[in-house]
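No lab work stands behind these numbers, since they all come straight from the coordinates. Keep in mind the model is a prediction, meaning the values are calculated, not measured. We place every Cβ from the backbone using ideal geometry, glycine too, and count neighbours over all the protein chains shown.
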Amino acid sequence: MTQPTPHPYDALTPECILDAVESLGHRCDGRLLGLNSYENRVYEIGLDEEPPVIAKFYRPGRWNDDEILEEHSFTLELAEAEVPVVAPDSDEGGRTLHVYQDFRFALFRKQGGRTPELEDMKTLEWMGRFMGRIHAVGRTAPFAHRAALNPITYGDEVFAYLLEHKLIPLHLESTYASIVEELLRRIKICYERGGRATGVDPADIRLHGDCHPGNILWTPDGPWFVDFDDCRTGPAVQDLWMLLSGERRDMELQLGAILEGYGMFCDFDATELHLIEALRALRMINYTGWLAKRRDDPAFAACFPWFTTERYWEEQILALREQAAQLDEPPLEPK
């Protein structure tokens, strides 16, 4: 019987994790708790006579050193501007990215908090103020190495990957392909309505990139933003739309509250509202590509066993058709 090909993370044993942290001068007390992260491997590590730290081991082959360091630099720049983000710790030499046995990793302080109550308009306005501060910093300089978020990188390239690697069940391939092709056509029309290029646009800014409620920790003093692993160049509204939920009227009220706070620190271009449903559609396509590119990771096979089933692709076809209809709707009007 053919043995499965080892995955790089197979070598990331508990001993390796603790040794990596101790290589930076810390003394571990043996406590190690795996945290919820599918992309990287993230652990809470107990230390002797120190508060616990969070150790993040980057997925091999995803980002190069320059891209990771640019993530770190952005969060440190935000922290310097007193924006509540959890930035990586630096060693005595000022280094934030470390290597141990071929694993690149970073340490972060542990930040408490809970999921924000996004049904509360005051909370949304508060969130908007901090998003405005993040974007005010994000506008001051471009990324040199991080990827862009647009219909090419999240749409065309992902779709080509799925077709090239024959991941779609054969009898569903033509149906899936036709709906994605139509969806991408409509997405590009939305970008035209929003006055944006479908590739890199001069109006793009540095973003968190994946600002869903799970990456926000709410405290009595307000939000803390974590996990900038997906920080990218793109339209500002990318960091806002994932905070919206419910029916159209609900989302318009939520958006109004967010922009009320946002506008205190950063101008918002209302033409970007044409991009919300297009960005949602791109996230749906990209999510499938994300799963496809991780299918050799045993952890993904265990957590997402349904990815290879016909039912998954049938449900995707239905969901993408429904999303295509949303692209014909007028943009949200903040209330």
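Mind listing the long-range amide H neighbours of HIS145? Cut-off is under 5 Å, sequence gap 5 or more, other chains count too, H placed in the peptide plane at 1.01 Å from N.
Those lying under 5 Å, H to H, from HIS145: there are none.
Which net charge results when you count Lys and Arg as +1 and Asp and Glu as -1 among the other residues whose beta-carbon is under 14 Å from that of ILE168?
-3
Whole-Hz Karplus ³J(HN,Hα) for segment 195-208, in order, using 6.51 cos²θ - 1.76 cosθ + 1.60 and θ = phi - 60°, x for Gly and Pro?
Here the 3J(HN,Hα) series is x, 10, 6, 7, x, 5, 10, x, 7, 5, 10, 6, 10, 4 Hz.
Taking each pair of distinct Cα atoms in the chain once, what is the resulting Kirkwood hydrodynamic radius in Å?
21.4
So how far, in whole Å, is the C-alpha centre of segment 50-90 from the one of segment 127-182?
If you average the Cα positions of each part, the centres end up 23 Å apart.
Taking amide H positions as placed in the peptide plane 1.01 Å from N, state which residues far from ILE205 in sequence (5 or more) or on other chains have amide H under 5 Å from it.
Hits under the 5 Å cutoff: GLY234, ALA236.
Can you classify segment 126-242 as rounded, prolate or oblate using the Cα gyration tensor, where a ≥ b ≥ c are the square roots of its eigenvalues, rounded means a/c under 1.5, and otherwise it's prolate if a/b beats b/c and oblate if not?
Prolate is the answer for segment 126-242, as a/c is 1.5 or above and a/b outweighs b/c.
With unit charges on the beta carbon (Lys/Arg positive, Asp/Glu negative), name the residue among PHE225, ILE179, GLY246 whose Cα is farthest towards the positive pole of the charge dipole of segment 164-246.
So the residue furthest toward the plus end is ILE179.
Can you give the convex hull volume per residue for the Cα atoms of segment 8-109, as a whole number of Å³?
109
Please work out whether segment 49-98 counts as rounded, prolate or oblate from its C-alpha gyration tensor, where a ≥ b ≥ c are the square roots of the eigenvalues and a/c under 1.5 means rounded, while otherwise a/b larger than b/c means prolate and anything else oblate?
Since a/c reaches 1.5 but b/c is at least a/b, the shape of segment 49-98 is classed as oblate.
Below 8 Å, C-alpha to C-alpha, sequence gap of six or more: please give me the relative contact order for the chain in percent.
This gives 19 percent for the chain.
So which GluC sites (Glu not before Pro) in segment 97-194 are both in a DSSP loop and have at most 15 other Cβ atoms within 10 Å of their Cβ?
GLU117, GLU119
Are there chymotrypsin sites (Phe, Trp or Tyr not before Pro) in segment 213-266 that DSSP marks as loop and that have at most 10 other Cβ atoms within 10 Å, and which are they?
none
Shape verdict for segment 205-254, please, from the Cα gyration tensor: rounded (a/c under 1.5), prolate (a/b greater than b/c) or oblate.
Oblate, because a/c is 1.5 or more while a/b does not exceed b/c.
Separation between the LEU24 and TYR38 pseudo-spin-labels, each 7 Å from Cα along Cα→Cβ, expressed in nm?
Simple spin-label model gives 2.7 nm for this pair.
Taking the Cα-to-Cβ direction at ALA148 and at SER178 and moving 7 Å from each Cα, how far apart do the two end points lie in nm?
3.2
Taking 25 Å as R0, compute the FRET efficiency from the Cβ-Cβ separation of GLU315 and HIS7 and round it to 0.05.
Result of the calculation: an efficiency of 0.40.
If you take every residue apart from ALA301 with its C-beta less than 14 Å away from the C-beta of ALA301, what net charge results, scoring Lys and Arg +1 and Asp and Glu -1?
For residues surrounding ALA301, the net value is 0.
Exactly which chymotrypsin sites (Phe, Trp or Tyr not before Pro) in segment 286-315 are in a DSSP loop and have at most 11 other Cβ atoms within 10 Å?
Loop-located and lightly packed - none at all.
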